[in-house]
Amino acid sequence: MDLRDIEIFLTLAEELHFGRTAERLHLTQARISQSIKKQERAIGTVLFERTSRRVALTEIGRQLYTDLKPVQRSLDECLERAKLAARGKARVLRVGLIPHNLLEFRTRFDTFTHRHPDVDLRIGHIEFGDPLGPLRRDEVDIALLWLPVREADLTVGPVMFTEPVMLAMSATHRLATRESVSLEDLGDEVTVGGITLEYWREALVPTHTPNGRLIEIGPTATTWADMVPILSNGEAVSPVHGHAARYASRPDLAYVPIQDAPRTQWALVWRTATESDLILDLSRTVQEMGPLAH
């Protein structure tokens, strides 16, 4: 096996689908199939059971995946360390943000990097439909999430940002011209669903109005891009965080304050088991500078 064949095998073992594997690696399905057949000939046995309906690893295929995955990870880490050294960096801290208002957090991150010039601070976006997945899959080291977060394996750090809650809707919606709305108004509307962590969703979209009326959940969306057409078409409305009105302004959407909705607190969250000096130093920096408020 060459390195490309190893990558093809590992990706197919994860996707269990030739089309998705080809798309992920930017190759043709024929190239994927040829590589797997070549590997099976070299090893002397079948690595995947494949029918017209499913692809599954054989027992030997599973063993090979278990043996090869740490090798690939080690190679990736070697290359990453070389790239860091070439830029004069020694360590990486990966931060995942759900909110879009990165510009407002810039001074906090700049202060941290000034204190740690050897650290490559990488900031990326994570989706509200899977808020804890990137942490638990080790795709980010620390995440900025709205509270509450009540998970046994996660540590909740300092609050970084507070803001009001708005109701997002079509610009032609009957409530779009109001100066404000109330949580009771949601009893007459269909709201967007899609957040699977129930208690976390209810902090933003309650299940009932203050008077006990059920708030109907309608179409689902797990990303902002998925939510926009639902809102724009008038299929549903959704409570959203205040920064959306500034960073996701569109002529086909309207944002109206929900006057009696509690303010949202955004805090740094990380896996307790992978807590590091860099995570704690970023947490201390945020705590020292205090929470931003809008």
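Beta bridges per DSSP, both residues in the chain: antiparallel share near 60 percent. Normalised by the number of residues in segment 1-153, the mean separation of alpha-carbon contacts (under 8 Å, six or more apart) gives a relative contact order of 17 percent. Per-residue 3J(HN,Hα) values for segment 232-240, derived from phi via the Karplus relation 6.51 cos²θ - 1.76 cosθ + 1.60 with θ = phi - 60°, read 4, 7, x, 6, 6, 10, 7, x, 9 Hz in sequence order (x marks Gly and Pro).
Considering all C-alpha pairs of segment 1-73, those separated by over 16 Å amount to 42%. Panel note: the C-alpha atoms of segment 199-286, placed on their principal axes, show extents of 47, 34, 24 Å (largest first). The alpha carbons of the chain give a radius of gyration and a Dmax of 23.4, 72 Å, in that order. Rounded to the nearest Hz, the phi-derived 3J(HN,Hα) couplings of segment 250-263 under the Karplus curve 6.51 cos²θ - 1.76 cosθ + 1.60 (θ = phi - 60°) are 9, x, 9, 10, 10, 10, 10, x, 8, 5, 9, 7, x, 5, where x marks glycine and proline. The loop-placed trypsin sites (Lys or Arg not before Pro) in segment 1-58, going by DSSP, that have at most 15 neighbouring Cβ atoms within 10 Å of their Cβ come out as ARG53, ARG54. When the convex hull of its Cα atoms is viewed from all sides, segment 214-257 shows a mean projected area of 3.4 nm². The amide H of PHE48, built 1.01 Å from its N in the peptide plane, has THR58 as neighbours under 5 Å, considering only residues 5 or more places off or on other chains. When the chain is treated as a Gaussian network with alpha carbon springs shorter than 10 Å, the biggest mean-square fluctuation among LEU144, LEU102, LEU75 belongs to LEU75. Taken over segment 23-163, the ratio of Cα radius of gyration to 2.2 N^0.38 Å equals 1.45. One quarter of the convex hull surface built on the alpha carbon atoms of segment 136-217 amounts to 7.4 nm², the projected area averaged over directions.
Remark: relative contact order (segment 21-84) = 15 percent; criterion is Cα-Cα distance under 8 angstrom and separation of 6 or more residues. Projected onto their three principal axes, the Cα atoms of segment 123-271 cover extents of 43, 32, 25 Å, largest first. For PHE161, the residues whose modelled amide H falls within less than 5 Å of its own, excluding neighbours fewer than 5 places apart on the same chain, are TRP266, LEU292. Would you list which lysines come within 22 Å of LYS83, measuring only between C-alpha atoms, while excluding same-chain residues fewer than 8 positions from it? In chain and number order, the partners are LYS69.
Bear in mind these aren't lab numbers, they're just calculated from the coordinates by the rules spelled out. Given the structure is predicted, the values throughout are model-derived calculations rather than measurements. A quick note on method: Cβ atoms are made from the backbone with ideal geometry, for glycine too, and the neighbour counts reach across all protein chains shown.
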